[in-house]
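The values are calculated or read from the model by the stated rules, or taken from the named source; none is laboratory data. Every value quoted in this text rests on a predicted model; they were computed, and no experiment measured them. In this analysis, Cβ positions are derived from the backbone assuming ideal geometry, glycine residues included, and neighbour counts consider all displayed protein chains.
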Amino acid sequence: MPTATDLVTDLPADFEVFGQAVATSMADLLGGTSGQILAKNSNTDMDFVWIANDQGDITGVTAGTGISGGGTSGTVTVTNSMATTIDAKGDLVPGTGADTFARLAVGANNTFLRANSATATGLEYAGTYTTFTPTYQNLTTGNGTNTGRYLRIGNFVHVTQKFVFGSTSSVGGNVSCDFPFTAVSTSGNLNMGAITYLDAGVKGYSGFANLNSTTVFALLVNDASTLYLGNASMNATTPHVWGSGDEFYVNYVFEAA
């Protein structure tokens, strides 16, 4: 560039040289694309570089409890591990301990969720009946059939039982039966449900299950021999003499202890 005392002989050429010098020293400021930002490339004056606008002060992403993924550079992905544990409609993800969890598959239709410390998740679906073999006193099954089912919801227990006499079945004294669970104590006898006695091909009789202890209930028969309806214990001849093909059904509810 000419000074004040220089003789200017080629002004366009002198300005061209000046412009090139400026462009050379600031060349790094030229260019770039939409969305980029300017960053220092070194400690040298005017040394810059265009970079993608993805900078920040986060140096890493660490996955915590229930989360997977993470990273320390580039684009990182984190995943909700509890969500990916779910496989099907209705699944639950309950805790199995401190900072741990597992999938609990949905239960069958008409079942309900209840606590059960014996399972891995502390929960289970219930609502179906459990089969068991009732234990009677003064009643021998022989070649007859003796079946029972119960449904327990908390301390509420519903029980159904069926006994069909075979040729070697027999009745001794007054018949009673064990509860599938210990019952709560009561201050007196309690009618818990109905019993139907069938003299095969002849007649049916009615009665009821009577709670008289926390472990055993009595099988009673309605007795109309007095002015007011009373009851009598089921035995070898009450309500009739028992034979092959005869049967009775018990349907009762009680409160477990």
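See the values below:
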{"read-out": "Qualifying residue in segment 51-62 (condition: over 30 Å from N41 (Cα atoms) and either surrounded by 12 or more Cβ atoms within 10 Å (Cβ to Cβ) or not assigned by TED's automatic domain parsing to the domain that holds R152 (or both))", "value": "no"}
{"read-out": "Residues (buried (at least 20 other Cβ atoms within 10 Å of the Cβ) and either out of contact with any Lys or Arg (no Cβ under 9 Å at 6 or more places or on another chain) or among the polar types (S, T, N, Q) (or both)) located in segment 177-191", "value": "C177, F179, A183"}
{"read-out": "Those strands (runs of 3 or more DSSP E) lying entirely in segment 112-201 with at least 2 residues within 30 Å of T237 (Cβ to Cβ) and among the polar types (S, T, N, Q)", "value": "136-140, 145-153, 156-164, 170-178, 190-199"}
{"read-out": "Residue within segment 193-203 that is of a type in the set (F, W, Y) and under 35 Å from the mean Cα position of the chain (by Cα) present", "value": "no"}
{"read-out": "Lone qualifier among G71, G144 - being in contact with a Phe, Trp or Tyr (Cβ under 6 Å, 6 or more places away or on another chain) and surrounded by 11 or more Cβ atoms within 10 Å (Cβ to Cβ)", "value": "G144"}
{"read-out": "Cβ pairs under 6 Å, 6+ apart, first in segment 228-257 and closer than 12 Å to L198 by Cα, second part of a loop (DSSP other than H, G, I, E, B)", "value": "W242/F165; S244/F165; S244/G166; S244/S167; G245/A200; D246/F165; D246/A200"}
